[in-house]
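Here is the structure we will look at, set down as structure tokens.
The values are calculated or read from the model by the stated rules, or taken from the named source; none is laboratory data. All figures in this text were calculated on a predicted structure; none of them were measured in a lab. When we count neighbours, we look across all protein chains shown, and the Cβ atoms used for this are built from the backbone with ideal geometry, even at glycine.
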Amino acid sequence: MALNDIADIERLRRINEALIGRVERSMDQQANAFSLFQTAINLESRIRERTDELRSTLRRLEQSNHELALAKEAAEQANLSKTRFLAAASHDVLQPLNAAHLSISALTDLQTTGDGRRLAAQVSRALETMEDVLRTLLDISKLDAGVVRPEISDVELQSLFRSLMSDFAPLAAKKGLELRFRTTDAVIRTDRMLYRRVLQNIISNALRYTVKGGVIVGVRRKAGRIVVAVADTGIGIPQEQYEAVYEEFQRGRNAGEAERSSGGLGLGLAIVRRLISALGHDISFTSRLGKGTVFQVAALPAAARAARLALPIRALETPRFYGLYGVRVLLVENDVAVLEAMAALLERWHCSIRVASSTGEALQCLGDTDWVPDLIIADQHLDDGDLGSITIGEARQYLNRAVPALIITADPSDALSIAARQSGIELMHKPVKPAELRALMAHLLA
């Protein structure tokens with residue numbers, strides 16, 4: 001329809017308004033679309049910024065993780081290096097310490113006055129303290145480095161208690177304390193050697209910080225676990241020291257007379273905490289000042305088995321002495337100081353000795369058919385890379401008989417222990433206590 005044909009002005013006005021409204025709506029839609037377009041651009045820009053920030057954060061996090069991994073690896077290597085260093089250093093230090101132990105024992109036998117014997121005993125105690133420090137620091141280093149791998153098996157607590165009773169009965173008697181172990185048929189899943197060390201340190205602490213009364217060790221079952229409790233009537237532990245007792249070189253500030261006479265190093269419970277962690281057991285304690293302390297070690301029981309008769313535990317009788325007079329000993333040692341000290345000690349025991357520093361020299365000593373050793377004592381690490389275990393094997397083969405043999409070494413490796421056990425060779429670690437050496441020699445000869 002042409003505009004000229006439109007006579008109705010009102011109609012024309014309405015058509016005009018409709019057209020204007022349509023145009024405005026179209027413009028509004030375009031404006032909205034443009035606004036949305038701008039908003040989308042802004043959002044995209046912000047998303048890009050956030051993405052860049054996130055990528056940058058992730059890169060920093062990856063770098064941080066990489067640095068942490070490197071730091072962790074460096075720390076682990078440092079721990080292992082520390083362990084190797086302490087092991088090597090302890091071997092080098094234990095050699096002269098062993099010679100000193102042997103020499104002071106021979107010197108003590110020569111003393112004819114009370115003052116001389118007292119001074120010799122003081123030197124001997126100082127050497128034992130030094131030995132304890134070195135061995136404990138090495139043990140802590142090994143546990144922290146994670147190189148100790150428990151060998152889990154079924155362990156009968158009764159036999160373990162007997163062994164501990166024989167160890168601690170003389171100390172308890174010397175202090176006038178009562179030491180009792182409750183009879184038990186319990187069997188647990190643990191590493192016998194490491195678990196024994198746990199109880200050994202706890203009982204040692206109990207005796208050390210008990211002036212009167214005594215220590216009792218018992219077993220009970222709780223929540224499906226076997227709990228060994230060590231209770232004493234000692235000085236107790238203040239509540240504010242509960243966490244500190246497991247730290248290195250921590251000793252009770254209220255120890256008084258007990259601490260002054262004990263000579264403790266404050267390392268026993270530091271070892272215990274690490275051993276418990278390695279074994280996967282639990283440990284707890286309760287204490288009252290002036291009344292005593294009860295330590296509890298919880299472990300999983302072994303599988304059910306037929307009940308065994310649990311014999312009462314008593315202190316072992318003093319073993320009958322077997323003389324060493326005239327016993328022929330082949331001594332193989334490459335450290336001159338240790339060799340001289342050991343030879344002097346054996347001569348004081350009236351042994352007939354021949355000495356060597358290598359496998360070749362040892363076999364030369366056996367060339368005299370009129371002199372056949374009753375016992376072979378050898379260090380493990382000898383001259384020219386020789387090993388005492390190999391020397392003993394060749395000497396036995398040369399003599400065509402299984403001569404009783406003993407390796408005395410500062411090498412704490414499990415491999416050596418296994419090799420010695422498989423070859424029927426006894427093993428002692430330096431520094432050697434002369435009384436223990438004489439008892440073991442007598443046992444081997446008997």
*asked:* Give me the strands (runs of 3 or more DSSP E) completely within the range 340-434, filtered to those with at least 3 residues that are closer than 14 Å to V329 by Cα, ordered by residue number.
replied: 352-356, 375-378, 405-409
*Among the candidates E62, E24, single out the residue that is out of contact with any helix residue (DSSP H, G or I) (no Cβ under 6 Å at 6 or more places or on another chain) and modelled with pLDDT of 70 or more.*
E62
*If we scan the range 413-421, do we find a residue that is within 28 Å of T108 (Cα to Cα) and modelled with pLDDT under 85?*
no
_Top-ranked residue in the range 292-317 [being farther than 24 Å from D191 by Cα and modelled with pLDDT of 90 or more; ranked as nearest to the chain's Cα centre (by Cα)]_ = T293
